[in-house]
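The values are calculated or read from the model by the stated rules, or taken from the named source; none is laboratory data. Since the structure is predicted, the reported quantities are computational estimates derived from the model, not experimental observations. Cβ coordinates were reconstructed from backbone atoms using ideal geometry, including for glycine residues, and neighbour counts include every protein chain displayed. Surface areas here come from the heavy atoms of the whole protein model, side chains and all, with no ligands, DNA or RNA. Shrake-Rupley method; radii C 1.70, N 1.55, O 1.52, S 1.80 Å.
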Amino acid sequence: QVHLVESGGGLVQPGGSLRLSCAASGSISRINAMGWYRQAPGKQRELVATVINGGSTNYADSVQARFTISRDNAKNTVYLQMNSLKPEDTAVYYCNSNPPVRSYWGQGTQVTVSS
């Protein structure tokens, strides 16, 4: 069983940056694909980025070239570097496997982009 804890969110101005971390209580090395998801108020949760064991990545069009996902299996941690943030990036951000496992969902971390 893996327990995921997200951190690093906060309030940032448009154009700013944040780095999110997702720390796992167990090993993530056996999980081939890890993802970051987000849910904005009144909207469905969406997948924004995926990282595969070996380093391959994939991004939603809305964050392409602004966000970078990475993983450190030795530290059982997944990261999301977010640059050039926009107000529409405001959401609660979660990590999970891709596809997601219901029992892996954590509390998420709030990201608010506002001036």
Inset, instruction - Could you please report the charge total around V12, scoring K, R as +1 and D, E as -1 over all other residues with beta-carbon less than 12 angstrom from its beta-carbon? - result: +1
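Over the chain, what relative contact order in percent results from Cα pairs under 8 Å that are six or more residues apart?
So the answer I get is 37 percent.
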Inset, instruction - Taking the dipole about the Cα centre of the chain, with the C-beta of Lys and Arg at +1 and of Asp and Glu at -1, give me whichever of N83, S115, Q39 is farthest to the positive side. - result: Q39
Legend entry - Accessible surface of the chain [probe 1.4 Å, protein heavy atoms]: carbon and sulfur percent: 47 percent
Legend entry - Per residue accessible area of the chain, 1.4 Å probe, in Å²: 52 Å²
